[in-house]
1. Roll a 1.4 Å probe over the protein heavy atoms and report the accessible area of residue 384 in Å², nearest 10.
2. For segment 323-380, report the accessible area per residue in Å² (1.4 Å probe, heavy atoms, rounded to an integer).
3. Counting only other residues whose beta carbon sits under 14 Å from that of residue 32, what net charge do I get with K and R as +1, D and E as -1?
4. Subtracting the Cα-Cα distance from 0.36 nm times the residue separation, let me have the gained length for residue 191 to residue 267 in nm, one decimal.
5. Write down the accessible area per residue of segment 190-253 in Å², having rolled a 1.4 Å probe over the full set of protein chains.
6. Once the other residues with Cβ under 15 Å from the Cβ of residue 246 are scored (Lys, Arg +1; Asp, Glu -1), what is the net sum?
7. Give me the one-decimal nm value for the distance between modelled label points at residue 295 and residue 236, 7 Å along each residue's Cα-to-Cβ direction.
8. Got a sec? What order do 359, 274 fall in by accessible area at 1.4 Å, biggest, i.e. largest, first?
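The values are calculated or read from the model by the stated rules, or taken from the named source; none is laboratory data. No experiment lies behind these values; they were computed from the predicted model shown. For neighbour counting, all protein chains shown are included, and Cβ atoms are generated from backbone atoms with ideal geometry for every residue, glycine included. Ligands, DNA and RNA are excluded from the accessible area calculation, which covers all protein heavy atoms including side chains. Shrake-Rupley method; radii C 1.70, N 1.55, O 1.52, S 1.80 Å.
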Amino acid sequence: MLTASAVVTSLGSHGALIASAFAVLGAGGDGGDVGLVAAARTLPLVLFLLIGGAVADRLPRHHVMVAANVLNCLSQAAFAVLVLAGEAHLWQMMLLSALGGVGQAFFGPAAEGMLLSSVEGEQAGRAFAVFRMAMQGATLGGAALGGLMIAAMGPGWVLAADAAAFAAAAALRAFLDVKHIPPRAPGGGLLADLRDGWREFAGRPWLWGIVIQFSVANAVVGAADAVYGPLVARDHLGGAAPWGLALAFFGAGTVLGALLMTRWKPRRLLFVGTLCVFPLALPSAALAVPVPVAVLCAVMCVTGVTVEVFGVSWMTALHQEIPEEKLSRVSAYDWFGSVALVPATMALAGPAETAFGRTEALWGCAALVVVVTAAVLCVPDVRRLRRRTVPVTGAAPVAGKGSADTEVFSAT
């Protein structure tokens, strides 16, 4: 049920990401307006993430997920109605995108905590790979279908389909079986829970080092994908359909990467995973050239494979190192750091294009990904943390030292 609901949500959401950008452009907006709408979604995500993580560790996680899905359904339905009626103004699109961000802030930590607590033992990595393969397969279908629907019917119908997907996902998640999850003792209050989560997060150099890395990487890649990608597609590639196809190839790459990780179990999880982040710079470079659609699709596919190697390795590391009762709070700090800079880069993407040029801005995105990824490899724990099969049950180890039941402490 958990996988089925994730597939349904992913099918709708990834088409809607493309649709919202083209809805803004269709309403007469420019690259700066696309960035503002994207930033409007991400800013409340940043503001509410830590609260969402604490709430998800106090309340039944599936209840939090259902409530968030309902909010996302309503906001996307209103967005669709405005676009279909031809009455969508920039402030309205920003407001509805912001409501979607609030829903995601509560949904994300709850969903990750639910997933990480649903598997155990040495098959955890394979289970994560299978889950992500199903989810990325839905991403592939959602992006491709979304691009085709936008070209054939316009972005409003894609947004309406996303609203329906959130409604279906909420219904599925309402019936999740949670008997396997151990009961959690009440915390000492919201602030105390947040401080406890911070101690768990700050005590692990591999964790906060990689989160800082992705705070920069996600910000610049998000700007390239959400703002510059649709503009390059409009000006050089032929519109929404080719860009949707390129995103679909990225989704296909993630499916292949997840399939690879069902068989491959790298011992040094985060070292291998971090090496696989370097290709994340390739799509921005390809858009900067810009390369033909066929080459862009190949680049996106390769990037998808390598990013998924990191994704499965990262989830495996969190599963084996973080106690179950703190998973959502640690996930919230992870998400918070990873998206904290995204609103600023989304909002500044348009002005940066004006000041430096689109090509130069895209090359800058690619360079920053390379620099921060090389920097995180300097963290010793990232190079040394090793795979094991017995999950931890206590607090975070002292920074720079392994936990008691870790044979050799090393990063994934």
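1. The accessible area of residue 384 comes to roughly 100 Å².
2. Spelled out: the 1.4 Å probe surface of segment 323-380, per residue, equals 41 Å².
3. -2
4. Full-extension gain reported as 23.7 nm.
5. Per-residue value: 33 Å².
6. -1
7. Each label point lies 7 Å from its Cα, and together they span 0.9 nm.
8. 359, 274
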